[in-house]
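Just so it is clear, none of the values below were taken in a lab; they were calculated from the coordinates. Bear in mind the structure is a predicted one, so any value in this text is a computation, not a measurement. Cβ atoms come from the backbone with ideal geometry, glycine included; neighbour counts cover every protein chain shown.
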Amino acid sequence: MLEKAGGGALGRGLVAQPGWTSRTVAFGGDCGAGTCAFPARRSRVEASDRAQALPSPHGPPDDSPAPVPLHQKKLLTRFRNGLKKLAGTMKTRHSVLVGTLGLLLLAATARAGIVIANSLDQPFAASIGLSASTWAGQAFFSGSYTALEAVHLNLYGGSDNGTFSVQLWDATGAGGTPGSVVATLASGLANPTTSDTENVVSITGLNVPMVKLTTYYVVVRPDAGSTLRWGYTDSESGQGFPSGFTYTVNEGLSWSSPDLNDPQRMMVEAVPEASTWVAGAFAGLALLGGVARRKWVTRKNTVAARD
């Protein structure tokens, strides 16, 4: 028991507690000049050590990772699905780009011709016989096109082992007749010996330059010792018709006056202008883009339904 000087109980109602120490102070009052008891101050280091020594109310430490809350799991799942969608979209756009480049290349190298004259779809009526000295020419108008792509001719009944040539002539001769050869479209072609009056001989991939808004003739001329027949129609309502028909019996030294009746059966194709096939390529791009978008929307809806 702690005592104050002079004996007696602690002043101000103080009661000694375990761990207290005595300290002599000089002040008046109930304690007087005696000894009063005060709690001993522990150092911060001692208090810290004691706190570390206390057992944890949560038990021993656990090194395993804390469980992920449910809402965080949902966020992670949506994030992963978003990455998958992005990857799928990028893949689709890459496919569209590759497809478009391929379409442009295809349009530039293997473009289809534009029909500017066609009487092949008109009924067969009869034919004209051709030989090394007797040639025939059928006119067509170039319109807005600057290159010839292909010609298709109703030729048949040729002599065995014979050959023939097909030429493009201008119309600068007297009275609009063939004037001079612009280009030889094909030469040394084997005669079609079939008797089929609907037989068609095609010459394609020409890319022969033409002048816009100009009349030209397709001229068929058998080679030496060869004969051939070229069918004609009695209809002048085919695309690009009526147009002039003419012939020569002296190997092109002179020609008959152009006749608009009973044209030779043929089809002429022009090379499309650049703006035409580029527009077609971009139309293909729009189509591919629409397909890709539909796929993306379908995938999006499927993922949303799963979520």
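So, in the stretch 156-190, exactly how many residues are closer than 16 Å to residue 227 by Cβ, among the small types (Gly, Ala, Ser) and either touching a residue at least 60 places away in the same chain (Cβ under 8 Å) or surrounded by 20 or more Cβ atoms within 10 Å (Cβ to Cβ) (or both)?
4
Sort out which residues of the stretch 211-228 are surrounded by fewer than 22 Cβ atoms within 10 Å (Cβ to Cβ) and not aliphatic (A, V, I, L, M), and write them in order of number.
212, 214, 215, 223, 225, 226, 227
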